[in-house]
Number of protein chains: 2
Amino acid sequence: MIDQEHIAALAGIVGDKAIVPGNSGMAAYQSGARYDEGRAALVIRPQTTEDVSAALGYCVRNGIAVIPQSGNTGLVSGSTPDASGGQVVLSLDRMTQRFDIDLDNRTLHAGAGFRLSDVNGKLEKHGLFFPIDLGADPRLGGMLATNTGGSRFLKYGDVRRNTLGIKVVLADEQGTILDLTSQLRKNNTGIDWKQAFIGTSGAFGVITECVLNLEYLPKQVATAYLVPSSGAHVMPLLRAMEDRLGAYLSAFEGISGNAIAATLDHVPSLRNPFQGGGVPDYVILAEISRTWEPRQGEQSLDSVLEAVLAEIWETDEAPLADAFVGPAHEMWALRHALSEGVKHAGKLIAFDLSFRRGDIMAFCDRMKSEMPKNFPEVTIRDFGHIGDGGVHFNLTVPKDSASATEPDFERRLRDWVFAVAVDDFDGSFSAEHAIGRKNQIYYDLYTHQKIKDMAQGLKAMTSPGDLGSVRFG
Amino acid sequence: MIDQEHIAALAGIVGDKAIVPGNSGMAAYQSGARYDEGRAALVIRPQTTEDVSAALGYCVRNGIAVIPQSGNTGLVSGSTPDASGGQVVLSLDRMTQRFDIDLDNRTLHAGAGFRLSDVNGKLEKHGLFFPIDLGADPRLGGMLATNTGGSRFLKYGDVRRNTLGIKVVLADEQGTILDLTSQLRKNNTGIDWKQAFIGTSGAFGVITECVLNLEYLPKQVATAYLVPSSGAHVMPLLRAMEDRLGAYLSAFEGISGNAIAATLDHVPSLRNPFQGGGVPDYVILAEISRTWEPRQGEQSLDSVLEAVLAEIWETDEAPLADAFVGPAHEMWALRHALSEGVKHAGKLIAFDLSFRRGDIMAFCDRMKSEMPKNFPEVTIRDFGHIGDGGVHFNLTVPKDSASATEPDFERRLRDWVFAVAVDDFDGSFSAEHAIGRKNQIYYDLYTHQKIKDMAQGLKAMTSPGDLGSVRFG
């Protein structure tokens, strides 16, 4: 809880309109979109960087903890207040005053409060988009704070790669504004400080504006479902596709049969694309795309993909057991339904792991072999971004099982999966969801002391105040 | 100068073989490849990260200044010793013990001592390359320390974008080794500390190993020289190319007629590609490429480029005055000869600027109009990477002119060009050459105090010792 005096002072700073009134108004800011709930002392919604600065400075001077909140679609309790009721939520949802497209520079300078769907909606008429493809619809500030990746990472990279500049407010007594809103693609005149604020969950400052790289929208897309001959054939298949298709290849997503089965069960409108009504053990959704319309005498992209798959089919390694090109919207509809689909197959315990690409299937094999004896009630329903090493390693247990109710179960399961992923495979315990309160114990466990010390040093010299959900250092 | 005792101690640490004997042996390490000369107290060439650590720790404990040196091809006095004779040069040229290609991951884990040409030579048989295209042939450590860009930035990005991990030795009393050699493409579990060492001239630590992203070699390339209807037509032309060609477009280089003329004069074996023996005011070298062989029924890439240029020719904006597709090796031979070519047209004063793309031609116009009255003896011979906003704004004065001998001339010229580029156009005074001793005064001039303070803080917590050529903070 914070004093009425502080609430009045903050209202004076950001204006009454920027104070969310009452508990019912605050409810939306206290719960994450999918998980997780806390209690806020106050929710403020400043409209300008200057107001963020004034409010943040005030909070630091008065020892008030602040949680920056953007779209609140994260999965690791990064943007919701904790249960204490003592944290002020600083929502970015009104930071939408600036939206400047520079067509020559192919960049967008925007407030951090825009949703991804809004951004791409406004860009469409220019034939451009911000090329981060996600199931969720976050706001830009949160995308930067978590460095989101998504399904087209393979072609376009993550948010870090597509960010030219940011404006950030530090949680120091002055609410210092760092204007790093460079419009330049190349600039090597010192430390690239924006990197310290990207993917670090808002602990070092609140991003209020950003300058983003834009890409031209694809004008042709072709998609196929590929069934690899075995798990060991997934990498040869990826390499054969990359070798032949290069920058055309815009997605190479792996999906376990268990994830597909759960999703088809849950969403009856989805058609089972596989012959005979069964579902293969493992499937790849591959997409190729290009930015032009087919010209006279040129093959359609479907034909290109079919020709490439026919070549790969004939190679000595014979990586394909089945493959068919089909309509993109239908193929992606199944892919995009997976997150919700697996949630309905039981109690979900979700992991967002990443590996060297060649280790993904080995890790999955290890899990398949050891899970039954360690956690017999668990079903593995993984899917993910094989092309960039990411795996949404999603597990379910029956909702009425002993595991679902055992208080310590999830912690034991997480400890074991992370131990195998991080210790044995040099993988990451958070590929694209960042840390948040949820992964704090694993940051503490897996981070070297020197790195923690450096993080603490960075914290002290940027935002010494109590900012964000993660304790670095 | 340093004591014989220290020399003996360092020889004991890195081994006699790693000590460069005598002044004649040291000469190669005291001069940059193109500019700049200093005097070293000692040159050491350790072979392992552990030896770098031991040597660096010793130097820090004994107050000895160290200059890390890689290929020494830089242009800003970043890797040569100063004139004092008191600095130890730490050459990375024997750091070539590790060269591990991971074909599945499409990455290379290599020692920092490999030259770019060696790296790409070894990768060729796998159909892969490290996609940074430069005129010079630096070693990897220096490429990381300066975050080099080059001619294919538009498609593949800079070194930063293509680096997954590094191993770095800090200049502290222990010579702390930070092992950040991640093989992961996605990992958001804390601060991405490697970013602090990329592009910062070795001031915060010595990079000894790196993990790099590789790309498949193009199997088809098509190039064209384009003559824009005017400077104002360059951006519409770029946008028309990007819109139609997307990720195919791998270079869009601008070249002034003055740079071409100087180069044709200097290299008689180069053919003048333009009709009638004249040279246009401004030319674009455009390249498109893809990673597959043409398949049956598919157009050659030359035909694709011709068709696209024909379309653009017909657009209402009429951005093209002339355009012709031609042999890649010949078109690039002229482009790659420019650096040397302009050097022979007089005394060269070279700038490595960058801008928002839409500002490049406006900046060049401003210079063309104001240069004659401010610096009448200067000829502008610019060329550069229009696609990413970079301009090698190279100027010459006749070798026997008053300007060439006036001691203060270069400083006055630099001050003015940078003032226009940075203050008036929000450009960068070093797009891809980094800071070095040469740009130190402009770092001091153009960097905000808070950023300097943060840099100093970072310096204190990473490498408090006297390391590198740049004073941050």
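Worth pointing out:
- FRET efficiency, B:Q4 to B:K125 (Cβ-Cβ, R0 30 Å, nearest 0.05): 0.05
- In plain terms, the residue of A:F355, B:F351 with the fewest other Cβ atoms within 10 Å comes first and the most crowded comes last, giving B:F351, A:F355.
- The mean sequence distance of close C-alpha pairs (under 8 Å, at least 6 residues apart), as a share of the length of the range B:1-92, puts its relative contact order at 37 percent.
- For the range A:254-323, GluC sites (Glu not before Pro) meeting the loop criterion (DSSP other than H, G, I, E, B) and having at most 15 other Cβ atoms within 10 Å: A:E317.
- Qualifying aspartates and glutamates (Cα of each under 17 Å from Cα of A:K347; at least 8 residues distant if same chain): A:D36, A:D265, A:E377, A:D382, A:D400, A:E406, A:D408, A:E410
- In nm, spacing of pseudo-spin labels at B:S269 and B:N62 (7 Å Cα→C-beta vector): 4.8
- Copy-to-copy label separations for A:E330, where each label sits 7 Å from Cα toward Cβ, in nm and ascending: 5.1
- Global geometry of the range B:70-155, whether rounded, prolate or oblate, following the gyration tensor of its Cα atoms and the 1.5 cut on a/c: oblate
- Under 5 Å, built H, 5+ apart or other chain: amide partners of A:L467: A:V66
- Inter-copy label distances at B:G231 (7 Å, Cα→Cβ; nm, one decimal): 6.2
- Table column - 3J(HN,Hα) (Hz), the range B:458-473, Karplus curve with 6.51, -1.76, 1.60, x for Gly and Pro: 5, 4, 4, 9, 10, 10, x, x, 7, 10, x, 9, 10, 9, 7, x
- Chain B: calculated mean residue ellipticity at 222 nm from DSSP helix runs of at least 4, using -39500 (n - 2.57): -9500 deg cm²/dmol
- Ascending list, in nanometres, of distances separating the B:D365 label from those of the other copies (7 Å, Cα toward Cβ): 6.3
- Backbone HN-Hα couplings from phi across the range B:82-99 [Karplus 6.51/-1.76/1.60, Hz, Gly and Pro as x]: 7, 7, 5, x, x, 9, 8, 8, 9, 7, 8, 6, 9, 7, 10, 7, 10, 8
- Based on C-alpha pairs under 8 angstrom that are at least 6 apart in sequence, the range A:346-424 has a relative contact order of 37 percent.
- Considering only beta bridges that DSSP places wholly inside the protein assembly as shown, some 85 percent are antiparallel.
- A:K167, B:K17, A:K122 arranged by Cβ crowding within 10 Å, fewest neighbours leading: B:K17, A:K122, A:K167
- Note, ³J(HN,Hα) from phi for the range B:112-119, Karplus 6.51, -1.76, 1.60, rounded to Hz, x at Gly and Pro: 6, x, 6, 6, 3, 5, 5, 4
- Angle between chain A longest axis and helix A:360-374 axis [Cα atoms, degrees, rounded to 10]: 80
- Contact order relative to length of chain B, as percent, for alpha carbon pairs under 8 angstrom and 6 or more apart: 17
- Amide H contacts under 5 Å for B:V159, placed H, 5+ residues apart: B:T148
- Under 18 Å from the Cα of A:K125 - lysines, other chains or at least 8 residues apart: A:K219
- With kT/(6 pi eta Rh) evaluated at 10 °C and eta = 1.306 mPa s, and Rh the Kirkwood radius from Cα pairs, chain A diffuses with a coefficient of 67 µm²/s according to Stokes-Einstein.
- Put in order of Cβ neighbour count within 10 Å, fewest first, the listed residues A:F252, B:F324, A:F375 become B:F324, A:F375, A:F252.
- Distances between placed amide hydrogens fall under 5 Å for A:K347 paired with A:V397, A:K399, all partners being 5 or more residues away or on another chain.
- Counting only alpha carbon atoms, the long axis of helix A:328-343 and the longest principal axis of chain A meet at about 60°.
- With 0.36 nm allotted per residue and the present C-alpha distance subtracted, the B:K399-B:W416 stretch has 4.0 nm of extension available.
Read-outs: derived from the displayed coordinates by stated rules, not from any lab. Nothing here was measured: the structure is a model prediction, and the numbers come from that model. Positions of Cβ are generated from backbone atoms using ideal geometry, with glycine treated the same way; all protein chains shown enter the neighbour counts.
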